[in-house]
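Throughout, read-outs are computed from the coordinates displayed, never taken from laboratory work. Predicted, not measured: the structure shown is a model, and the values here were computed from it. A quick note on method: Cβ atoms are made from the backbone with ideal geometry, for glycine too, and the neighbour counts reach across all protein chains shown.
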Amino acid sequence: MTRNIHPLLIAGTVLVFMFLVGPLIIVLGAALSDTTYLTFPPQGLSLRWFENIFQIDAFRRTIFTSLQIALLSTVIALIIGIPAAYALNRHRIQLPGWLSTLFILPVLVPELVLGFSLLKNLAVQFNSPIYLSLLFGHSLIVLPYVIRVISASLASFDFSIEEAAISLGSPPLKTFFTILLPNVRSGVIAAFILAFITSINDVSISIFLTGPGLSTLPIQLLAHMEQFFDPTVASVSVLLMLLTVAVMAVVERTLGLTFLAK
Amino acid sequence: MTQSLTLDSISAHYGSTQVLENLSLAVGEGELVSLLGASGCGKTTTLRLVAGFLQPTSGTITLGGRDLTRLPPHQRDIGLVFQNYALFPHLSVADNVGFGLKQRGISGDAKTKRVGAMLDRVGLAHLADRLPAALSGGQKQRVALARALVIEPPLLMFDEPLSNLDAKLRIDMRVEIRQLQRANGTTSVYVTHDQEEAFSISDRVAIMHAGRIMQLDTPEILYQRPANAFVARFVGFENLIAMKVVERDGAKITAEMAGGIRLTLPLEQFGAIPDSFILACRADGLQVTDNAAMEGIPATLGLRTYLGRAYQYQAETPAGALIANGPLTRPLDAGVTAKLVPVPEQCTILAPEAV
């Protein structure tokens, strides 16, 4: 079976792929370069810029902070988001339509505006600790992802299943954990991964909410770039990419990426 | 084990809309009562009130003398069978059936034995380890039935359990449901919009409309002697004719309808006939004849349709449009003038009301 494929279609496809993959290849190449400045194609091959990340104290600390903030904000968003998504779907008919939109607002507002207002009205106004402000900001921006993804898997959940369990003598809260959660497990995993990636890659919120003694990896990367132009920048980028790819691979293995595209 | 269910003056609202109005219903021990009606009549609301998923605005619900009205649903001990089966997708057939036992603290051998025995009874023992997704519709409904029965509830409730099955399976399953219900002697409430289904398996049927029970009786009485115009129409009395008695003569009466048309009706068939009444006839209860000498309702015939056992005519009469049947041996064409002769066995008398 052969099909006629228009040469322009092939050319277009190649261009799109180059556009998508090209920058990644350049960054990866630059990270592996043996030179002391950013260059592509790489001159000589070396892993020393990756070693360099872990030798610079600030990077070591911020990797840890980033992972910590990403994990904590994701957990907080799940604790708030799962019950919220449940309520929004369970009582969809009784609740006003704009309510679910309300929970998506943090991604609709430009993150810079959100970050700035959090700085002004939370960090400055109440003099709240930097770590808590940063955690709060991250929880806020990942919450919409959690609610969206969990809602998507709850949309296909038949709530009479829950009623069946209750009628058989299972109290409502227990039913939530034994019947509802296992059936939206894939949604919870997907929400976790999306939220985690969003938090660990975030710049716009973090740039306002980090401060003396506390920074995240992307922010540290920006600071480093202002002073040095060595391939460390590229190798940190590769590290972030690898982290994201690892996480996506887990999603792919458990659910398939098509799930996220929905 | 089995207990009687009583609903006493139940009213229920969704927001400001009243969905049940002062509804009372008593289901005897071991009895199967169907709630029958079109969607929006309040039958599912009634079931959900008894299950505890909705709260009545007033009235009480008792099961075997136990007041259920304010009891949370998980403490009511009622077996529920849902229209869409509502099986737990992540649990095997055996775990689905064993779920209620687990909630009652029954585990290990005792649980395995009861689940096994129940699966045997519904003929699914060989599928115990399957997940619900691997079952057919009929098998799913059997699992749902087994899951509700295994806890030996004092009350079983069915919410349109057969609506998602095809016609043939529906008939098999309803017989199976009735047999299991009879064998266990479990008091049951069965919600459906399918008249044939309700009539075929119920001890009594409550025909519901606009949040009220229009009539609660055995299928036989409902079918032959509806109590009011709504039920009469519901069970297929297509023709409702308002009449007034003009003469009483021993075993017969003569009554007049609109247009001054008179009919003679035998009292023995209808019992007492009030001075003003409604004559309700199925299409079979009005025989079409072109014999002008017969006593009947003069009519101009309209569209004729073929029913297999008879021809059916849309007829224009002085008493309005009526539907009547005529013999296959003598098809009559549209526009023909004929007589519609009431067959007392296929007719009934209703008290007058706004028809």
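So the values come out like this:
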read-out: MRE, 222 nm, helices only [DSSP H, n ≥ 4, -39500 (n - 2.57), over chain B, to nearest 500]; value: -7000 deg cm²/dmol
read-out: Gaussian network model of chain A, Cα within-10 Å springs - most flexible of A:S160, A:S66, A:S133; value: A:S160
read-out: Over chain B: Kirkwood hydrodynamic radius from C-alpha pairwise inverse distances, Å; value: 23.1 Å
read-out: In degrees, nearest ten, helix B:137-149 long axis to first principal axis of chain B (Cα); value: 70 degrees
read-out: Separation between Cα centres of segment A:69-111 and segment A:206-224, rounded to whole Å; value: 27 Å
read-out: Debye log10 I(q)/I(0) at q = 0.06, 0.12 Å⁻¹ for the protein assembly as shown, Cα point scatterers; value: -0.57, -1.18
read-out: From phi via Karplus (6.51, -1.76, 1.60), per-residue ³J(HN,Hα) for segment A:62-69 in Hz, x at Gly/Pro; value: 6, 4, 5, 4, 4, 4, 5, 5
read-out: Peptide B:81-93, shielding by other chains (average Cβ, 10 Å cutoff); value: 4
read-out: Other-chain or far-sequence residues with amide H under 5 Å of A:S170's (modelled H); value: none
read-out: Exposed GluC sites (Glu not before Pro) absent - longest run of chain B, DSSP non-H/G/I/E/B, at most 16 other C-beta within 10 Å; value: B:30-294
read-out: Assigned charges on the beta-carbon of Lys, Arg, Asp, Glu; segment A:52-261 dipole about Cα centre (debye); value: 300 debye
read-out: Sparsely packed chymotrypsin sites (Phe, Trp or Tyr not before Pro) within segment A:36-99, loop by DSSP, other Cβ within 10 Å at most 14; value: A:Y37
read-out: Cysteines having no other Cys beta carbon under 4.7 Å from their own, within chain B; value: B:C41
read-out: Most mobile of B:G320, B:G30, B:G250 in a GNM of chain B (Cα contacts under 10 Å); value: B:G250
read-out: Cα centroid separation - segment B:254-299 against segment B:133-152, whole Å; value: 51 Å
read-out: Segment B:236-350: translational diffusion in µm²/s, Stokes-Einstein, Kirkwood Rh over Cα pairs, 10 °C, 1.306 mPa s; value: 112 µm²/s
read-out: Full-extension gain in nm, A:F229 to A:T39, via 0.36 nm per residue minus C-alpha separation; value: 67.4 nm
read-out: Helix-only CD estimate at 222 nm, as mean residue ellipticity for chain A, using -39500 (n - 2.57) per DSSP H run (n ≥ 4); value: -22000 deg cm²/dmol
read-out: Inter-chain Cβ neighbour average for residues B:144-150, partner chain, 10 Å; value: 1
read-out: Sparsely packed trypsin sites (Lys or Arg not before Pro) within segment A:87-178, loop by DSSP, other Cβ within 10 Å at most 16; value: A:R92
read-out: Spin-label pair B:Q18/A:L72, simplified geometry with 7 Å Cα→Cβ offset, distance in nm; value: 5.8 nm
read-out: In segment B:1-91, trypsin sites (Lys or Arg not before Pro) in a DSSP loop with at most 11 other beta-carbon atoms within 10 Å; value: B:R70
read-out: In order through segment B:199-206: 3J(HN,Hα) via Karplus (6.51 cos²θ - 1.76 cosθ + 1.60), integer Hz, x for Gly, Pro; value: 5, 6, 10, 9, 6, 9, 10, 9
read-out: Over chain A, relative contact order from alpha-carbon pairs under 8 Å, at least 6 apart, %; value: 29 percent
read-out: For A:173-179, mean number of other protein chain Cβ atoms within 10 Å; value: 2
read-out: Gain in span if fully extended, A:L105 to A:R3, counting 0.36 nm per residue against the direct Cα distance; value: 32.1 nm
read-out: Cβ-derived FRET efficiency at R0 22 Å, A:S156 paired with B:S163, nearest 0.05; value: 0.65
read-out: Potential extension, B:A293-B:R66 segment - 0.36 nm per residue separation minus Cα distance; value: 75.2 nm
read-out: Entries in A:K174/B:K43; A:K174/B:K113; A:K174/B:K102; B:K102/B:K140; B:K244/B:K339 that, when Cα-Cα distance is taken, lie over 22 Å; value: A:K174/B:K43; A:K174/B:K113
read-out: Charge context of B:G52, other residues only, Cβ under 15 angstrom, K/R +1, D/E -1; value: -1
read-out: Candidates A:L72, A:L95, A:L168: whichever shows maximal mean-square fluctuation once chain A is modelled as a Gaussian network with Cα springs under 10 Å; value: A:L168
read-out: Within-13-Å neighbourhood charge of B:S107 [Cβ basis; K, R +1; D, E -1]; value: +3
read-out: Cubic angstrom per residue, convex hull over Cα atoms of segment A:8-129; value: 234 Å³
read-out: Rounded Å value of the spacing that divides the Cα centres of segment B:87-120 and segment A:10-34; value: 57 Å
read-out: Summed side-chain charge close to B:S39 - residues other than B:S39 whose Cβ falls under 13 Å, Lys, Arg +1, Asp, Glu -1; value: -2
read-out: Beta bridges per DSSP with both ends in the protein assembly as shown, % antiparallel, nearest 5; value: 75 percent
read-out: Projected-area mean, chain A, by convex hull of Cα positions, square nanometres; value: 20.7 nm²
